[in-house]
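Below is one structure, written out as structure tokens; the observations come after it.
Please treat every number below as a calculation from the coordinates, not as lab data. All figures in this text were calculated on a predicted structure; none of them were measured in a lab. Neighbour counts run over all protein chains shown; Cβ positions are idealised from the backbone, glycine included.
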Amino acid sequence: MNALVPEIRISQVQLQPEPDSSGGGKPAEAGAVESSAIRAFLLSRGNSAIADRGFQWLMVASALSIFGIVVLIAFELVVRSQLAWSKFGFGFFFSAYVDSYTRLPMYWDPVNGHFSALPFLYGTLVSSFLALLIAVPLAIGLAVFLTEMCPRALRGPLAFITELLAAIPSVIYGLWAVFVLVPLLREHTNPWLIRLLGWTGFFGDDNPTGLGFVAAGVILAVMILPIISSLTREVMSAVPISQREAVLALGATRWEMIRMGVLRNARIGIVGAVILGLGRALGETMAVTMVIGNSPEIHRSLLANGSTMASVIANEFAEASGDLHLSALMEIGLALFAVTIVVNAFARLLVWAVTRGAPAQAH
Amino acid sequence: MRARIRTLTDGAATGLAVLSTVLVVAPLVAIFIYLIYKGASSLSWAFFTEVPKPVGETGGGMANAIAGSAILLGLASLIGVPVGISGGIFLAEYGRGTKLANAIRFTADVLNGVPSIVMGIAAYSLVVVPQGHFSAFSGGVALGIMMIPTVCRTTEEMLLMVPNAVREAALALGVPNWRSVLAITVRTASPGIITGCMLAFARVAGETAPLIFTAFGNVGWSGKLSEPIAALPLQIYVYALSPYDDWHRLAWAGALVLIVLIVFAVSLVRYVTSRGVLKGAS
């Protein structure tokens with residue numbers, strides 16, 4: 001397939017008989033004359049072409065299976081969401097059935113068969129952006145500290161701790177959030193938020209449970225921090241040292257050197273890292289399901305219960321009542337799949353463009 | 001005056017960076033300490049050997065969940081590891097530099113970012129719907145297709161580190177190409193490939209979402225692979241959301257077991273890769 005792996009066809013090598021062979025009178029034939037043990041050994045080996053081809057195609061097939069997985073997932077999702085798609089069309093994502101008696105929109109009504117993905121889109125977007133708001137400054141601060149300011153001895157342990165943060169399963173984050181974070185928010189943070197920022201209209205006081213978008217945003221922020229931080233560090237170390245030295249030579253303080261020499265050059269990659277974190281936050285299921293309150297409604301308050309696309313699938317899929325319900329959930333899954341693929345592809349392209357093709361870390 | 005402002009800004013920026021580091025490290029330390037504190041008190045021999053007791057009775061354990069997780073991960077490795085390593089071999093040996101390999105690498109990275117619940121839906125459509133019931137096999141399939149992109153990428157990175165001299169030496173001796181790749185190149189990079197598999201293993205061990213509607217969970221032991229099976233993260237999820245204190249206790253203990261496993265795997269990976277992967281090549 002390329003020059004790196006030439007195929008060796010031993011049997012096609014023409015060996016000339018030596019003029020003073022010890023055997024003497026063996027006539028030279030169209031094939032080869034054996035006169036050494038090595039030649040005898042090599043000639044007795046069969047042609048490895050078949051095995052080579054077979055092995056190569058096996059490897060190609062395995063690699064193509066990755067394409068196959070994507071195609072398979074897309075195909076299954078599209079086919080099984082056909083029912084909901086034919087019933088609701090595009091309106092599934094931005095309109096809702098309005099109950100004629102209460103005049104309120106009934107977004108997700110498995111009993112009467114009215115399904116709209118609007119509250120889940122809203123929940124996903126709000127919780128993800130809240131998480132980004134909290135995580136991005138912290139992650140960039142951590143990356144800056146680790147790359148530029150950290151004493152060399154601390155760098156290893158801190159990097160290890162950040163890596164551990166990324167490795168913790170989300171269900172354990174959810175467990176901790178339910179028993180530690182939510183009571184903390186309920187008792188201390190939320191009343192304070194309501195008192196200070198209640199005038200904005202985004203912090204209502206009608207949900208005293210501590211669950212809701214704020215809890216989901218905080219735990220999502222903790223989860224996407226390591227990704228953003230480690231990618232930012234990778235992008236910052238890709239900035240050539242000459243840039244740093246040039247800014248320092250002009251008399252900059254350390255922060256000015258970081259700002260002008262490093263962050264300015266790395267900003268495309270940092271945007272890519274942030275978008276990758278967003279991609280992770282969009283699809284995060286378990287921790288969000290445990291703290292967001294699981295209510296298919298839209299409220300302006302950030303302290304209200306809500307639901308995300310992933311959380312509604314996790315909650316209702318196993319017990320979906322009827323084909324339309326399942327199909328609606330499949331359509332939400334399809335939307336989630338499409339959005340995360342687009343976001344991740346875009347982010348990977350950005351990071352790749354900055355680090356120039358060095359293999360991206362698979363998180 | 002301007003110099004003072006600049007110095008103050010520098011100090012403020014340093015302070016903010018240190019503050020954000022503390023704010024990041026603090027939740028992790030808090031989680032760990034709380035986990036150990038809550039989980040250690042409920043870890044006992046019974047935890048590892050008994051199945052959950054009915055609600056209201058104290059005691060019981062998560063033996064079925066631990067065994068179930070082991071079975072699911074074994075199934076997932078059976079699917080994910082061979083296909084992933086083969087894909088990595090293609091990317092590094094046969095397709096190096098080609099457009100196809102670049103496309104596959106990019107797709108593998110993007111696939112890593114797809115939510116695990118979507119993989120669960122795929123396994124549901126592929127296995128649960130035709131079979132008509134939840135099963136351990138479908139859970140294994142879901143986890144296995146999650147392992148493939150990760151194993152593929154790490155295998156490729158490890159194989160790229162094998163020096164060309166090793167490959168050329170094998171080919172110069174007349175070793176068939178397929179054998180050179182398997183017995184020489186892959187064997188040289190095998191510590192790295194194994195650590196890559198361990199990383200994927202650790203990541204998949206904690207996944208819950210794809211198992212909710214494939215393996216489904218089980219309150220007891222499952223007999224065959226075609227029955228629903230309990231899994232440790234799934235059990236933790238169900239118990240954490242239940243209203244029973246006893247089950248909460250079990251959830252904490254299970255979380256401690258899970259996290260010890262994962263920290264062990266991650267530390268092992270770090271140790272092996274920092275020690276130098278390719279001792280055999282030099």
Computed for chain A: size of charge dipole around the Cα centre, +1 on C-beta of each Lys and Arg, -1 on C-beta of each Asp and Glu, debye to nearest 20, value 960 debye
Contour minus Cα-Cα span, residue A:237 to residue A:268, at 0.36 nm per residue, comes to 9.8 nm
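Provide the packing ranking of A:256-264, A:39-47, i.e. peptides ordered by the mean count of other C-beta atoms within 10 Å per residue, highest first. If you can, show how the numbers build up before the last one.
Values: A:256-264: 19.1, A:39-47: 13.0.
Packing proxy ranking, top to bottom: A:256-264, A:39-47.
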Everything considered on the Cα gyration tensor (a ≥ b ≥ c; rounded for a/c under 1.5, else prolate if a/b is larger than b/c, else oblate), chain A must be described as oblate
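Report the equivalent ellipsoid semi-axes for the range B:104-206 in whole Å, largest first, defined as the square roots of five times the eigenvalues of the gyration tensor built from alpha carbon atoms.
Working: eigenvalues 240, 42, 27 Å².
Its equivalent ellipsoid spans semi-axes of 35, 15, 12 Å.
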Whole-number value, in Å³ per residue, for the convex hull of the alpha carbons of the protein assembly as shown is 211 Å³
Per 5 angstrom bin, beginning at 0 and ending with the bin that holds the maximum distance, the Cα pairs of the range B:48-281 fall in percents of 1, 7, 13, 15, 16, 14, 11, 9, 6, 4, 2, 1, 0, 0, 0
The answer for chain B, counting only DSSP H helices whose Cα atoms cover 30 angstrom or more along the axis and whose Kyte-Doolittle average is 0.0 or greater, is B:2-40, B:63-89, B:136-160, B:245-275
Listed by chain and number, the residues whose amide H is under 5 Å from that of residue A:97, excluding neighbours fewer than 5 places away on the same chain and using placed H, are A:106
Here, GluC sites (Glu not before Pro) of the range B:1-99 satisfying both criteria (DSSP loop; at most 10 other Cβ within 10 Å) are B:57
Sorting B:139, A:215, B:126 by the position of each Cα along the dipole of the protein assembly as shown (Lys, Arg +1; Asp, Glu -1; all at Cβ), the one nearest the positive end of that ordering is A:215
Using alpha carbon centers only, the range B:141-186 is separated from the range A:50-83 by a whole-angstrom value of 20 Å
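Pull out the extension gain between residue A:205 and residue A:246, defined as 0.36 nm times the separation in residues minus the alpha carbon to alpha carbon distance; nm, one decimal. Intermediate results must be reported in sequence, preceding the final value.
Values: separation 41, 0.36 × 41 = 14.76 nm, distance 5.36 nm.
Full-extension gain reported as 9.4 nm.
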With -39,500 (n - 2.57) per DSSP H segment of 4 or more residues and division by the full residue count of the protein assembly as shown, the 222 nm estimate, nearest 500 deg cm²/dmol, is -20500 deg cm²/dmol
Candidate span helices, chain A: DSSP H, at least 18 Å along axis from Cα coords, Kyte-Doolittle average at least 0.5, result A:49-80, A:118-144, A:152-167, A:213-237, A:264-283, A:323-355
With Rg from the Cα atoms and Rh as the Kirkwood inverse mean 1/r over Cα pairs, the range A:276-344 has an Rg/Rh of 0.98
Taking a crude spin-label model, label points 7 Å out from Cα along the C-beta direction, the residue A:187 to residue A:103 distance in nm is 4.3 nm
For the pair residue B:9 and residue B:25, the simple spin-label estimate (label points 7 Å beyond Cα toward Cβ) gives in nm 2.8 nm
Note to self: C-alpha centroids of the range A:95-140 and the range A:176-225 sit apart, in Å, by 18 Å
